[in-house]
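Peer 1: Shown below is the structure under consideration.
The values are calculated or read from the model by the stated rules, or taken from the named source; none is laboratory data. Because the structure is predicted, anything quoted here is derived from the model rather than measured. Note that we place each Cβ from the backbone using ideal geometry, even for glycine, and neighbour counts take in every protein chain shown.
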Amino acid sequence: MTTIRRRVIPYFLLGPGTIWLVVFFVVPLFYMARLSLESGVVGNLEFNWDWSNFGDSLSLYDTQFVRSFIYAGLATLIALLISYPLAYTIAFKAGRWRNALLFAVIAPFFTTYLIRTLAWETILSDQSPVVKALQFVGLVPENGHVLATGAAVIAGLTYNFLPFMVLPIYASLERIDERLIEAAKDLYASASAAFWKVTLPLSAPGIVAGTLLTFIPASGDYVNAQFLGSAGNQMIGNVIQSLYLKQSDYPAAAALSFVLMALIMVIVVIYIRFAGSEALMGEEAK
Amino acid sequence: MSGAGAEGSVARSWRWLREHTVNIVAALVVIYMLIPIAVIFFFSFNDPAGRYNFTWVGFTFQHWGNAFGIPELNSALLTSLKLALLATLISTAIGTLMALALVRHRFFGRRAANFLIVIPMATPEVVMGSALLSFFLIINTFSLGFQTLLIAHIMFCISFVVVVVRSRLIGFDRNLEEAAQDLGANPLQTFRLVTLPLIMPGIFGAAMLAFALSIDDFVISNFNSGTTVTFPLYIYGAAQRGIPVEVNVIAIILFGVTVAAMGFATWQQQRAEKMASVRPEQEATSAPARPARVPA
Amino acid sequence: MRSHRGKIRGPALVVAALVAAMALTLGLAACGGGGGGIEGGGEEAAETVKTEGQPSGSLTISNWPLYIDKGTVPAFENATGVSVKYIEDVNENAEFFGKLQPLLSRGESGGRSLFVVTDWMAAKMRELGYLQNLDKSGIPNVEANLSSSLRHPSFDPNREFSVPWQSGLGGLIVRTDLAPEVHSICDLFDPQYKGKVDLLSEVIETVPLVMACEGTAPDTASEADWMKAIDKIQGAVESGQIRRFTGNDYARDLTSGDAVAVIGWSGDAVQLQADNPDIEWRMPTEGCSLWSDNMVIPIGAPNPTAAEAWMNYVYDPKNQANIAEYVNYVTPVEGVKPILAKREPELANNQLIFPSKSFTKNCFTQPKLSAEELQNVTRAFDAVVNG
């Protein structure tokens, strides 16, 4: 292969995808940026470099922002605690059942997001066995309810984003060379020490990827809050949707979207700096 | 262990518990994941007199028999399936090419491309959906409906395809390609006859993921669908007035078909893996943990 | 160890390229001028539909879900030869408006020749110039059969641009076994029902009723009255009195007993009662809200002739009877009750479907607000709903 051809090939391979993403992702974001600097009533918007939308969005909706990040953070944490054992089992102990278990993780996706969330409404309704059991155990007060609270929203978020947490962790666990663990044991490490000192650190890339893939979409989610929460549990995604579709206040909605993205970026950058970025960008081939 | 006879049955069962804790937790998690499916399944047999399917009234197979009896539901489902299929094909093709470029070549702009792939995954759907809507309205080239839905779905699937295929490519043994070339195959033949079949499981996994994302998508579709109704959008609309029981039936059918398809795919994948060693070192050392491989 | 420069260069490149493109786009945009769309047509010179001859071709209709029986569309297609694309994508007035507004502001309707929106949304769209006037010669059945109480609503006194599809009553829906004492809107604020009350999430559905509880007549209320009622609701949210704000999904809460009393619509109550006789619609002592969902023809409608033919068709009492039988809301067409009395006497005697004048004596229609007032109260109410 000639050198020139070899150097040009990657651009051909990348071409279609890059063009698609630039035209249909990057450019729309710019149009939204333009929208965020407009002001006026619907049907009569004017572009006039109106930065007030940005300031307003931070001050008016700070409660929802904080709430969204807290809910998303808790959901991510719980998802991590739940998913890691599952991913571990699938990677190391499942043998023939490995693929069946992986299906069990992905298959609920095919029943559509809304139906799953609505099913949770049934499961968590006040008179359901689940809630009655929780009341019995004392986790829920006698006359209390689970639905229409923050807990229900967090539970819904956790559930709906579990596959995004399980699969990356599984992928990185699966690639661990088991000889390393054996070597640790040969050096008199106990099973748990081998886990904490060898397995867990080696699975770090998967953990980082999983937490990001869960936290980010969860912060912007609105379906769970809409169906499982009450007025005091609405997230920033609900506000954006309401601004866009109910109040037709497009400039404010656009500004709020950018602020959300910016805040997420800040959190992500801090997190990656803390955790190491190769996990997300991927390793390159030798 | 010394003094084996001294270990009481309580201690033994305690030890069994500790050894299997992880497995038990995993089993509980799987049950947790499947509970809503069970509820959906359960209520697909309900027989409400009114339009609401919230409390158990009576048992019937009627809705299973009538699963495809609601025209709006059928057309929404067909639309979703068509959309998902097309979006999957196109995004998988585009994404695989990108993954190949990113993993195997060093070129100027590689990190930038990496970054570009990741950003869509980092953007909340509500932002992407509304931005796309603004964009489509301003450029006014595509009619709001199937076209715009397809474009949107392909867009958000590409990133996921790239990530999945890329992780598969990273573990790929290049020696096989070199061996093929040593035996006289040109680059195109090598790709077609050696590389492609071996990365096919990864591509297939990416395709499945793309299909799942597309068929399940609600937020972005809600903004960009025009008058077209996809399955999730139909359900959202119906949720306002009472979801017909047939929706539960269809959801379970989708679930079942998917599980069957994945089962089939895995069976194929296991056969493919037998024919070529993708990770020779792992196989050699973990032979005791895996069932013995019989040469095909 | 890779150099930091390498790690930053890639993203930096992207950002630089993005900033450059952004400047370009914004620059072009600012020069090119134009913002969200055409200014509204206003009250003057709204286009009037011109019906031409026999209806033909195809007709796209947007309506609310589960608002029509299964036989009407095929029967219409048979009778007229028009092929109908009937879409149920109106889930909420505001959301539908949000999806359609960018198109309407450019004079397009996305292919729709007719859609169905509630009174206040029809008024809002009219004010923005998005609706056409009707050609009355194309809808003689409407002239003949429209129920007298609906002929002169405040937002369209001569029915120039709207024709009711169905009408309904907004009031209380109550679990008689769990909350038998609830008879008024004010009762919803009674602390003994804390956490078991739902309100509707659209401002026009909820606030007028709460204003009635406060003693203010909604038709003549000022913006300050609206704000006072919204404050009262806010207080109830903060104290945990209100469980949540819903669309139709209060039905789920009522069925499971999670809510014992809600503000809800008459047609839903009829459906709920079918499976649970303990669920009952109650006329609040303060009165109820009377609303209609109206058929309107937007600007840019491709086939207004067929749209009017549809309106005419459903205003024939024989055809309307089929719709009324399925939908169970208040039919706007006179002459339906005797037809249904033969088939389904229970429905014919149901006050929720054929309310007598005395039943609705305290009820009020949806109050009319100026665009600016509407925006202000919507914003204030949404702030309460979104916490």
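Peer 1: In region C:234-254, which residues are surrounded by 23 or more Cβ atoms within 10 Å (Cβ to Cβ) and either part of a helix (DSSP H, G or I) or among the aliphatic types (A, V, I, L, M) (or both)?
Peer 2: C:Ile242, C:Tyr250, C:Ala251, C:Arg252, C:Asp253, C:Leu254
Peer 1: To continue, here is another question. If only one of A:Ile267, A:Ile272, A:Ile216 is within 9 Å of chain B (Cβ to nearest Cβ) and buried (at least 16 other Cβ atoms within 10 Å of the Cβ), which one is it?
Peer 2: A:Ile216
Peer 1: Any residue that is β-branched (Val, Ile, Thr), touching a Leu at 6+ places or on another chain (Cβ under 6 Å) and farther than 20 Å from B:Phe231 by Cα - is there at least one of those in region B:34-42? Walk me through it before giving the result.
Peer 2: Going through region B:34-42, the residues β-branched (Val, Ile, Thr) turn out to be B:35, B:37, B:39-40.
Okay, now just the ones that are also touching a Leu at 6+ places or on another chain (Cβ under 6 Å), so none.
There is no residue in region B:34-42 that is β-branched (Val, Ile, Thr), touching a Leu at 6+ places or on another chain (Cβ under 6 Å) and farther than 20 Å from B:Phe231 by Cα.
Peer 1: Right, here's the next one. Give me the helices (runs of 4 or more DSSP H) completely within region B:43-126, filtered to those with at least 3 residues that are under 18 Å from B:Val247 (Cα atoms), ordered by residue number.
Peer 2: On the way: elements: B:62-65, B:71-104, B:110-122.
The helices (runs of 4 or more DSSP H) meeting that bar are B:62-65, B:71-104.
Peer 1: Scan region A:100-120 for residues that are more than 7 Å from chain B (Cβ to nearest Cβ) and out of contact with any helix residue (DSSP H, G or I) (no Cβ under 6 Å at 6 or more places or on another chain) and jot them down.
Peer 2: Residues satisfying the conditions are A:Ala100, A:Leu102.
Peer 1: Out of region A:68-108, which residues are touching a Pro at 6+ places or on another chain (Cβ under 8 Å) and either of a type in the set (Asp, Glu) or within 22 Å of A:Gly229 (Cβ to Cβ) (or both)?
Peer 2: A:Pro108
Peer 1: So if I check each of C:Leu146, C:Leu150, which one is away from chain A (no Cβ under 14 Å), touching a Ser or Thr at 6+ places or on another chain (Cβ under 7 Å) and touching a residue at least 24 places away in the same chain (Cβ under 8 Å)?
Peer 2: Numbers: C:Leu146 fails: touching a Ser or Thr at 6+ places or on another chain (Cβ under 7 Å).
Criteria check complete, one pass: C:Leu150.
Peer 1: More than 30 Å from A:Arg179 (Cβ to Cβ), at the interface with chain B (Cβ under 8 Å from one of its Cβ atoms), of a type in the set (Phe, Trp, Tyr) and touching a helix residue (DSSP H, G or I) at 6+ places or on another chain (Cβ under 8 Å): is that true of A:Phe69 in this structure? Give the derivation first.
Peer 2: Working: more than 30 Å from A:Arg179 (Cβ to Cβ): yes; at the interface with chain B (Cβ under 8 Å from one of its Cβ atoms): no; of a type in the set (Phe, Trp, Tyr): yes; touching a helix residue (DSSP H, G or I) at 6+ places or on another chain (Cβ under 8 Å): yes.
The answer is no for A:Phe69.
Peer 1: Further question: Are there any strands (runs of 3 or more DSSP E) wholly within region C:46-121 with 2 or more residues that are in contact (Cβ under 8 Å) with a residue 12 or more places away in the chain and hydroxyl-bearing (Ser, Thr, Tyr), and if so which?
Peer 2: Numbers: elements: C:58-62, C:83-87, C:114-118.
Qualifying strands (runs of 3 or more DSSP E): C:58-62, C:83-87.
Peer 1: With the structure loaded, tell me whether A:Ser242 is at positive phi and either of a type in the set (Phe, Trp, Tyr) or more than 8 Å from chain B (Cβ to nearest Cβ) (or both) or whether it fails that test. Break it down stepwise before answering.
Peer 2: Details: at positive phi: no; either of a type in the set (Phe, Trp, Tyr) or more than 8 Å from chain B (Cβ to nearest Cβ) (or both): yes.
Answer is no for this residue.
Peer 1: For region C:267-302, which residues satisfy the criterion of being within 14 Å of chain B (Cβ to nearest Cβ) and over 16 Å from C:Arg175 (Cβ atoms)?
Peer 2: Correct list: C:Gly267, C:Asp293, C:Pro298, C:Gly300, C:Ala301, C:Pro302.
Peer 1: Here's a check for you: in region A:72-99, which residue that is among the polar types (S, T, N, Q) and facing chain B (nearest Cβ under 7 Å) is nearest to A:Val166 (Cα to Cα)?
Peer 2: Filtering first and then ranking leaves A:Thr89.
Peer 1: Also: Being within 26 Å of A:Ser219 (Cα to Cα) and within 12 Å of chain C (Cβ to nearest Cβ) is the filter here; which residues of region B:123-155 pass it?
Peer 2: B:Gly129, B:Ser130, B:Leu133, B:Ser134, B:Phe135, B:Phe136, B:Thr148
Peer 1: Still on this model: Could you tell me whether C:Val84 is surrounded by fewer than 21 Cβ atoms within 10 Å (Cβ to Cβ), closer than 18 Å to C:Trp165 by Cβ and modelled with pLDDT of 90 or more?
Peer 2: Yes: the conditions hold for C:Val84.
Peer 1: Hey, another quick one. Taking region C:86-131, which residues are of a type outside the set (Gly, Ala, Ser) and over 30 Å from B:Ala238 (Cβ atoms)?
Peer 2: C:Arg106, C:Glu127
Peer 1: Can you tell me which residue among C:Val203, C:Val182, C:Val237 is farther than 19 Å from A:Gln127 by Cβ and in contact with a Phe, Trp or Tyr (Cβ under 6 Å, 6 or more places away or on another chain)? Walk me through it before giving the result.
Peer 2: Working: C:Val182 fails: in contact with a Phe, Trp or Tyr (Cβ under 6 Å, 6 or more places away or on another chain); C:Val237 fails: in contact with a Phe, Trp or Tyr (Cβ under 6 Å, 6 or more places away or on another chain).
Criteria check complete, one pass: C:Val203.
Peer 1: Let me ask you something else. Within region C:138-174, can you find the residues that are touching a helix residue (DSSP H, G or I) at 6+ places or on another chain (Cβ under 9 Å) and of a type in the set (Gly, Ala, Ser)? Let's see the steps before the verdict.
Peer 2: Kept after step one, since they are touching a helix residue (DSSP H, G or I) at 6+ places or on another chain (Cβ under 9 Å), are these residues of region C:138-174: C:138-143, C:145, C:153-156, C:159-174.
C:Gly138, C:Ser154, C:Ser162, C:Ser167, C:Gly168, C:Gly170, C:Gly171 - these are the residues of region C:138-174 that are touching a helix residue (DSSP H, G or I) at 6+ places or on another chain (Cβ under 9 Å) and of a type in the set (Gly, Ala, Ser).
Peer 1: I need every pair where a residue in region C:290-307 that is of a type outside the set (Ser, Thr, Tyr) has its Cβ under 6 Å from the Cβ of a residue that is assigned to a helix (DSSP H, G or I) and surrounded by fewer than 24 Cβ atoms within 10 Å (Cβ to Cβ), sequence separation at least 6 or different chains.
Peer 2: C:Met295/C:Met311
Peer 1: Another one. The conditions are (1) buried (at least 18 other Cβ atoms within 10 Å of the Cβ); (2) without any contact (Cβ under 8 Å) to a residue 60 or more places away in the chain, and B:Phe107 fails exactly one of them. Which is it?
Peer 2: (1)
Peer 1: What number of residues within region C:316-336 are at pLDDT 90 or above, of a type outside the set (S, T, N, Q) and in a helix (DSSP H, G or I)?
Peer 2: 6
Peer 1: Could I ask something else about it? With closer than 18 Å to C:Asn276 by Cα and within 14 Å of chain C (Cβ to nearest Cβ) as the only criterion, which of B:Phe59, B:Phe43 stands out? So that I can check it myself, show each step before the final result.
Peer 2: Working: B:Phe59 fails: within 14 Å of chain C (Cβ to nearest Cβ).
Among B:Phe59, B:Phe43, only B:Phe43 is closer than 18 Å to C:Asn276 by Cα and within 14 Å of chain C (Cβ to nearest Cβ).
Peer 1: Of the conditions (1) surrounded by 20 or more Cβ atoms within 10 Å (Cβ to Cβ); (2) away from chain C (no Cβ under 14 Å), B:Leu196 fails just one. Which one is it?
Peer 2: Of everything listed in (1) surrounded by 20 or more Cβ atoms within 10 Å (Cβ to Cβ); (2) away from chain C (no Cβ under 14 Å), B:Leu196 misses just condition (1).
Peer 1: Identify all residues within region C:268-287 that are within 23 Å of C:Val210 (Cα to Cα) and in contact with a Ser or Thr (Cβ under 7 Å, 6 or more places away or on another chain); write none if there are none. So that I can check it myself, show each step before the final result.
Peer 2: In the first step, residues of region C:268-287 are kept if they are within 23 Å of C:Val210 (Cα to Cα); the result is C:268-269, C:279-287.
Scanning region C:268-287 gives C:Glu280, C:Trp281, C:Pro284, C:Thr285, C:Glu286.
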